[in-house]
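Values quoted throughout were computed directly from the atomic coordinates according to the rules given, and no laboratory measurement underlies them. All figures in this text were calculated on a predicted structure; none of them were measured in a lab. Note that each Cβ is placed from the backbone with ideal geometry, even for glycine, and that neighbours are counted across all protein chains shown.
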Amino acid sequence: MPGTVFRSSIAGLVAAFIAAAHAVLAALLAAVLAAISALPALAQTAAPTSSGSAPQAVLALAADKARGRVAFDDCAGCHRRDASGRTTGPIPRLSGQHASVIVKQVLDIRSGQRINPAMRPHVEEVALGAQALADIASYLQSLPMAGRLGQGPGNQLARGQALFEKDCVACHGARGEGRAEGAIPMVAAQHYPYLLRELGLIRDGGRGNSNPAMAALLKPYGEADLQAVADHLSRLPPPGH
Ligand code: HEC
Ligand code: HEC
């Protein structure tokens with residue numbers, strides 16, 4: 001019957017139209033979602049960063065470790081004289097850290113991009129000139145690292161190691177040694193409470209200078225994952241030990 005054919009072709013057209021509309025809507029939705037999820041990454045790349053010329057200029061200065069030792073007096077009250085940090089609180093070990101990391105982090109803290117109100121007055125330009133910063137960074141990089149610092153509970157080490165090997169070694173290195181170029185921090189043998197705090201901040205967008213690719217990798221991590229990976233890092237032997 002022509003009528004049936006007509007009706008069924010109308011039905012076919014309607015179905016095709018609905019399918020097409022769905023596809024268009026789905027594509028639109030996907031585009032909107034992609035744009036939204038790209039926003040934090042864009043904001044982070046677009047944010048003013050001190051990773052340009054300023055750290056380079058500081059690192060290019062001829063540094064003097066002996067002067068750095070003296071200048072570090074102003075930091076030792078919190079970070080300790082041997083720069084081993086504190087096992088129980090949020091104060092990191094700085095001994096053995098790459099000079100490029102020290103300089104970048106101090107400049108990010110000075111600019112407020114990394115939030116640290118307690119330390120900031122100590123690293124304002126009036127308190128810490130470029131030469132003193134270069135000296136301190138070179139001094140800290142040369143310091144021997146204490147072997148064992150603040151460690152985690154030790155109950156998730158296999159999981160922590162697996163996560164680290166899957167998601168982190170590409171940048172931080174198999175032994176957590178980091179890299180001077182690119183100012184990638186050494187994370188081996190850092191204090192557990194500090195690592196756990198930083199990982200939470202990086203995951204949740206609270207550490208303003210985080211590497212965006214790392215922040216994206218950490219997004220799906222639950223609390224137990226953060227604890228496991230922080231514990232694993234806290235137990236990695238310091239490079240050279
Ligand atoms: C009032 C205590 C205090 C003083 C003084 C202080 N710091 Fe800090 N520093 C901290 C805390 C707390 C953190 C970690 C903050 C966080 O969780 O982001 C930190 C972090 C850092 C970091 C980042 C380390 C990393 O692995 O990312 C560097 C580098 C640093 N401090 C260097 C210095 C230097 C150099 C001085 C002296 C000029 C100094 N600090 C003085 C408390 C202090
Ligand atoms: C794409 C390279 C990259 C990857 C992958 C990466 N990181 Fe990072 N990580 C960095 C960089 C760069 C910094 C320094 C960030 C900054 O200040 O700009 C950093 C900082 C850190 C810090 C802070 C160290 C300190 O001294 O304050 C921790 C902890 C850390 N990463 C752990 C991890 C863990 C755990 C993973 C895997 C889940 C990971 N990272 C994956 C590049 C990376």
**Message:** With a cut-off of 8 Å between alpha carbons and a minimum separation of six or more residues, what is the relative contact order of region 51-146 in percent?
**Reply:** 43 percent
**Asked** If the chain between residue 142 and residue 213 were fully stretched, how many nm would it gain, using 0.36 nm times the residue separation less the Cα-Cα distance?
**Response** 22.6 nm
**Request:** Please give the per residue volume of the convex hull enclosing the alpha carbon atoms of region 120-241, rounded to a whole number of Å³.
**Result:** 123 Å³
**Asked** Roughly what would the spin-label model give for residue 65 and residue 115, points 7 Å off Cα along C-beta, in nm?
**Response** 3.7 nm
**Request:** Starting from the Cα of residue 65, draw a straight line to each of the lysines and keep only those under 28 Å, dropping any in the same chain fewer than 8 residues away.
**Result:** 104
**Complete:** Fraction of alpha-carbon pairs in region 51-146 farther than 17 Å apart, rounded to whole percent, equals 46 percent
